[in-house]
Amino acid sequence: MNLDLLLHDKYAAFIVPAYAVSALVFVWMIADTWLRARHWRRRAEQLEKDRKA
Amino acid sequence: MLTALANPHRFMAFSRWAAPLCGAAAVLLIVPGLWLGFAAPEDYQQGTTVRIMFIHVPAAWMAMFSYGCLGGASFFSLVFRHALADAAARAAAPLGAAFTLLALVTGSLWGRPMWGAWWVWDARLTSVLVLFLLFLGYMALRSAIDDETKAARAAAILALVGLINLPVVKFSVDWWNSLHQGESIFRAGGPTIATVFLIPLALMGAGYMFAFGALWMERTRAEVWRRRTLALEVQAAGR
């Protein structure tokens with residue numbers, strides 16, 4: 001099924017939002033996880049460095 | 001394996017390569033899963049809404065699986081006082097809530113054209129809503145108590161009590177008259193859906209599983225770093 005057919009499907013109003021919501025939630029999960037990990041790793045590394053200094 | 005990974009240093013060394021590997025596996029499974037899902041023919045009853053199944057069913061599987069992980073980690077945290085188990089439990093909750101929300105929303109988007117209703121107070125739907133509320137309750141309880149040890153213990157008890165909901169979700173379609181269709185994949189006698197739908201569904205299911213694995217490990221790593229930061233700040237304040 002190509003994109004054009006999907007968008008003109010009679011159920012497109014349900015299928016497209018379902019995939020869009022899934023994509024958004026995945027983007028949030030990945031971004032939040034990555035940013036959280038980066039934030040705490042950097043803070044921990046900085047404090048380790050300060051302690052050794 | 002679990003005993004070896006209970007050591008935070010070993011877990012951090014393991015997850016450093018295992019998390020990206022799981023992430024890559026998730027992409028390698030989800031991409032062909034999506035491709036085959038959109039290439040699959042229309043279902044004779046559901047029409048093209050069958051494509052919602054490829055994202056709805058794996059999300060529902062992951063909602064239950066992540067609660068199982070939350071419950072298991074809470075058990076080890078409460079009984080054996082494993083700090084890493086508590087970190088893993090805390091890391092699983094938002095992911096589980098996200099997958100449960102996805103299952104509810106995509107299910108609702110499928111239900112409107114097929115059942116004629118966005119929502120019905122059906123046993124399956126209601127028990128999944130309870131699952132979502134349990135995830136939210138777990139997170140709210142942890143945030144509400146300042147003492148992290150007390151918060152972890154209270155939240156672990158809530159998570160363990162909530163485990164009773166998992167068999168209710170799973171068997172709700174057998175125990176009560178339900179509008180939701182019965183089990184068609186994990187059942188005695190094998191799956192009842194056509195191979196053309198089963199293959200993309202299996203790929204998506206495995207992809208979601210690896211995605212959860214990657215994100216769970218990375219969030220647990222973040223939680224370990226957060227605790228290390230707090231410990232270092234206390235040390236620095238004492239000097």
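The values are calculated or read from the model by the stated rules, or taken from the named source; none is laboratory data. Keep in mind it's a predicted model, so treat the numbers as computed, not measured. Here the Cβ is made from the backbone with ideal geometry for all residues, glycine too, and neighbour counts use every protein chain on show.
Quick rundown of the values:
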item: The range B:181-230: number of residues that are over 20 Å from B:Ala26 (Cβ atoms), hydrophobic (A, V, I, L, M, F, W, C) and more than 9 Å from chain A (Cβ to nearest Cβ); result: 7
item: Hey, B:Arg90 surrounded by 21 or more Cβ atoms within 10 Å (Cβ to Cβ) and basic (Lys, Arg) or not; result: yes
item: Members of the range B:136-171 that are more than 19 Å from B:Leu95 (Cα to Cα) and basic (Lys, Arg); result: B:Lys150, B:Arg153, B:Lys170
item: Breaking point among (1) of a type outside the set (Lys, Arg); (2) surrounded by 15 or more Cβ atoms within 10 Å (Cβ to Cβ); (3) touching a residue at least 24 places away in the same chain (Cβ under 8 Å), for B:Ile185; result: (2)
item: Residue within the range A:40-49 that is surrounded by 14 or more Cβ atoms within 10 Å (Cβ to Cβ) and either outside any helix (DSSP H, G or I) or more than 9 Å from every other protein chain (Cβ to nearest Cβ) (or both) present; result: no
item: Filter pass, A:Ala13 being more than 9 Å from every other protein chain (Cβ to nearest Cβ), among the small types (Gly, Ala, Ser), in a helix (DSSP H, G or I) and surrounded by fewer than 15 Cβ atoms within 10 Å (Cβ to Cβ); result: no
item: Residue count, the range B:104-125 (criterion: at pLDDT 95 or above and either of a type in the set (Val, Ile, Thr) or in contact with a strand residue (DSSP E or B) (Cβ under 7 Å, 6 or more places away or on another chain) (or both)); result: 2
